[in-house]
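What follows is a short report on a single structure.
Derivation of every value follows stated rules applied to the coordinates shown; laboratory data play no part. Note that the structure is a prediction, hence the values are computed from the model and not measured. We place every Cβ from the backbone using ideal geometry, glycine too, and count neighbours over all the protein chains shown.
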Amino acid sequence: MPDEKIVEEIVRRYDGEIGMLIPMMQDLQAACGYLPVDQLKRLAERLEVPLSRLYAVATFYTSFRLAPKGQHEVTLCVGTVCHLKGAGAISEMIREEFQVEAGGTTADGLFSFQPVNCVGACAVAPVMIVDGKYYDGVSKDSAMKILRGLPLAEAVAGGEGKP
Amino acid sequence: MTVLETKRLAGPADLEQWRGDLRQAAGRITKRVRICLGPGCVAKGAAALYDRFREAVEKSGADVEIQTKCVGCHGLCACGPIVIVEPGEIFYQQVEEPDVAEIFRETVLSGRLVERLLYQHPVTGQKVKTADEIPFYQSQRRIALAGNGFLDPVMLEDYLRIGGYTALAKALTGMTPEEVLLTVEKSGLRGRGGGGFPTGRKWRSCREAHGQPKYVICNGDEGDPGAFMDRVVMEGNPHAVLEGMILGAYAIGSHDGYIYVRNEYPLSVERLKHAIVQARDAGLLGRNILGTDFSFDIRINRGGGAFVCGESTALMASLEGRPGEPRAKYVHTVEHGLWDKPSNLNNVETWANVPAIINNGAAWFAAIGTAKSKGTKVFSLVGEVVNTGLIEVPMGMTLRQIIFDLGGGVKGGRAFKAVQTGGPSGGCIPARYLDAPVDFDELTKLGSMMGSGGMIVMSEDTCMVNIARYFTHFLMDESCGKCTPCREGLAQMLAILDRITHGDGRPGDVEKLETMAGILEGAALCALGKTAANPVMSTIRYFRAEYDAHILQQRCPAKQCRGLFRYQISVEKCKACGLCRKHCPVEAIAGAKKTPHVIDQQKCTRCGMCLEKCPFDAVLKV
């Protein structure tokens, strides 16, 4: 879909109802991989609300991203049970080894890293999710092995790629 | 199985006719394999099992009909993936892909048992055949989870077969809204989301409030880490939630419903969306439900990943497309809620209890549980417990029964230290209160709370100061920042807890924490802030000695806080393999072939690498 049409289609989907702002922004993010600023401006204009209103929502909720995401999505559960079973150390190791911030993307665009507060699979903690696939009972070693094995597609290297 | 077309039901007679047909069709199938696709089992590869069983059925060319079925979480996640074979309800645990062929050949086709996949009774040591013989299941009583493990969550037909939407038909054609409301009031049902507010009273306030339209909201923003009850209900039996909401809407006089599901549960959203479409197509939701004058529809909103949105006023702000900031409680949401209209919000598990109450009556429900907490409660039993999983037990069962009889005690034979209930707003309950009955009021007395039902078991190896620090950090991160006590207070409390766990605590720190906790409780705007100090307060109350050891002796008794204990190599156990020496990042380990290795405590950074790498358990924490 051409860039100009994305916002138009999303607004139409929700009848332009401001109460559905969060679902609209979620759809926008699903379409673009993140929330590009020109699209946000377009959405704000279309809904006749100030851009700051959208920015407030985008920065309040952790699931919104204002920068492109990596080729792979790595979610690490750091809920209580995972914490008890060593998720903190795994998180620390990933951040150090790949030089990636929580919520950020590796320099080569390989993956985005998001520690989250409980994915509801506590019985098999610690849990890491890579591109939607659950890995149960991960350790520092097994997590590293999984992440090192992620393929990097050359064409979109550099973190510019859209999924 | 014969696929029966979804039809639009013109009335209760249609519904019963359809149900009868479905039961007859299902009765013709004698062989059935049910594969648990709960979150635990899926993480262990259960989805592939389903595919393998399907293939086995196709290849076998058996002359009888064999059905493979995905079902919602069965409960005993520790033993997953779980597969049940009918007839006989044979319970197989820890099933892996290579086992499928054998189960299919032996049990499904020939009716013989595969001994090695059966559950071993922890006391008698005997292999048992069915879930009913397993202690984990024996003391449970399932209402909200009644359909889990039996029905395929994407099949409306399955829900109808086990009696789904009978309560709705009964209410719409035989009861006035007032009668439905009275039944819920008399049942004594209290909100399962944490607060324990009487559900019937909330409904009545909303019904009597002025203003139209009225909204009915389901809170599926299950944010407490360590809790996954609501996830399992939404994903395992979504129609039960819908039926509960429709009944509530009928009693309250609402035509618009919302389900707010947290962003981390994409499958819950998918299941609920699917169920809503099915219910609409069947005439069980939408305009003129079951041919009556009553209309009600539901839509789903996905959260954005903010814990505070589990709070009712924050959730409503989020539904309005704004940042999820709570507001002061003196304006009641039942009068001025979503879009300033009367709004009734209940949690997923609360809604799932409603159909059973309407079906069986208030007296039936009120006979279960304790004097002031009626019915059952679903708990996620997790942490250092043997049988991790999901349980539903009558209110009033003691912590000891739950953790030791059902849960099988602490993993690895270690000593029990505490159980954390109520999520980040709850507290840690020590061993001496193990015989306390679990209900809303008893847990509050102990300085914790029921919360949504997370129950995290902690062993002697868990540092209570560290766990208080963890929750405070969590809450500081999740504080919306609207009110000062929560935004600033938690940051200050965390700074103190940080220095205590790093060995830099000062005398008087505990008293400072207590003072700030008092201010937080009194001055914070919402329930999240008011209860935010509970983890700190309950650990100070029950485990003061651990705080003192950290502060006065720079020692962590649980040997968890880095720097507050040492690593040492046991001369007897060390086989001089050199692995620890090779992996030590700061070359703090000395040793040669055939000489036990030694750690230079001056150089050691307490990273723990040697302990991880030692194949002989020779590295000790002291």
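The separation of the range A:8-78 from the range B:397-471, counted between C-alpha centres, amounts to 40 Å.
Rounded to the nearest 5, what is the percent of antiparallel bridges among the DSSP beta bridges in the range B:12-138? Counting only bridges with both partners in the range B:12-138, antiparallel ones make up about 60 percent.
How are the Cα pair distances of chain B distributed, in percent, across 10 Å bins from 0? Once binned at 10 Å, the Cα pair distances of chain B give 3, 15, 23, 24, 18, 10, 5, 1, 0.
The C-alpha atoms of chain B define a longest principal axis, and helix B:238-252 lies at about 60 degrees to it. Can you give me the angle between helix A:37-47 and the longest principal axis of chain A, using Cα atoms only, in degrees from 0 to 90, rounded to the nearest 10? It works out to around 50 degrees.
Scanning residues 5 or more positions from B:THR398 or on other chains, those with amide H under 5 Å from its amide H are B:VAL438, with H placed 1.01 Å from N in the peptide plane.
Here the range B:331-473 has an Rg and Dmax of 17.1, 54 Å, counting Cα atoms alone.
Kirkwood analysis of the Cα pair distances in the protein assembly as shown returns a hydrodynamic radius of 27.9 Å.
Relative to one another, the C-alpha centroids of the range B:79-116 and the range B:276-355 are positioned 42 Å apart. Normalised by the number of residues in the range B:477-622, the mean separation of alpha-carbon contacts (under 8 Å, six or more apart) gives a relative contact order of 20 percent.
Here is the tail figure for the range B:271-313: Cα pairs spaced more than 14 Å apart come to 57 percent of all pairs.
I'm a student and want to see the number: the projected area of the Cα convex hull of the range B:376-459, averaged over all directions, in nm². Computed as one quarter of the Cα hull surface, the answer is 4.4 nm².
For the segment B:40-49, counting C-beta atoms of other chains within 10 Å of every residue's C-beta and taking the mean gives 4.
Looking at the protein assembly as shown, the DSSP beta bridges with both ends there are about 55 percent antiparallel. For chain A, excluding the exposed loop sites themselves (GluC sites (Glu not before Pro), DSSP loop, at most 16 other Cβ atoms within 10 Å), the longest remaining stretch covers A:102-159. Reducing the range B:190-266 and the range B:147-189 to their Cα centroids gives an inter-centroid distance of 14 Å.
Using only the C-alpha atoms, the convex hull of the range B:280-411 corresponds to 194 Å³ per residue. Can you give me the P(r) profile for the range B:1-104? Cα pairs, bins 5 angstrom wide beginning at 0, each as a whole percent. P(r) for the range B:1-104, in whole percents per bin: 2, 12, 20, 19, 15, 13, 10, 6, 2, 0. With all projection directions averaged, the alpha carbon convex hull of the range B:417-492 covers 5.6 nm². Longer than 23 Å from Cα to Cα, which of A:LYS85/B:LYS69; B:LYS31/B:LYS59; B:LYS69/B:LYS273; B:LYS44/B:LYS69 are they? Say none if no pair is. Check vs 23 Å cut-off fails for A:LYS85/B:LYS69. Eigen-decomposition of the gyration tensor built on the alpha-carbon atoms of the range B:567-621 gives equivalent ellipsoid semi-axes of 15, 11, 10 angstrom, largest listed first.
With kT/(6 pi eta Rh) evaluated at 25 °C and eta = 0.890 mPa s, and Rh the Kirkwood radius from Cα pairs, the range A:70-145 diffuses with a coefficient of 205 µm²/s according to Stokes-Einstein. Working from Cα pairs under 8 Å separated by at least six residues, relative contact order for chain B is 11 percent. Expressed as a whole percent, the proportion of Cα-Cα pairs in chain A lying more than 23 Å apart is 46%.
As a rough footprinting exposure proxy, the listed residues B:HIS583, B:HIS550 were ranked by other beta carbons within 10 Å of their own, and the order from fewest upward is B:HIS583, B:HIS550.
Size descriptors for the range A:3-60: radius of gyration and Dmax over Cα atoms are 9.9, 26 Å. Computed from Cα atoms, the angle from the helix B:266-281 axis to the main principal axis of chain B rounds to 10 degrees. Taking every DSSP bridge with both residues inside the range B:163-366, close to 10 percent are antiparallel.
Working from Cα pairs under 8 Å separated by at least six residues, relative contact order for the range B:376-459 is 37 percent. Over every Cα atom in the range B:163-366, the radius of gyration and the widest Cα-Cα span, Dmax, amount to 15.5, 43 Å. Over the range B:464-553, the ratio between the Cα radius of gyration and 2.2 N^0.38 Å evaluates to 1.00.
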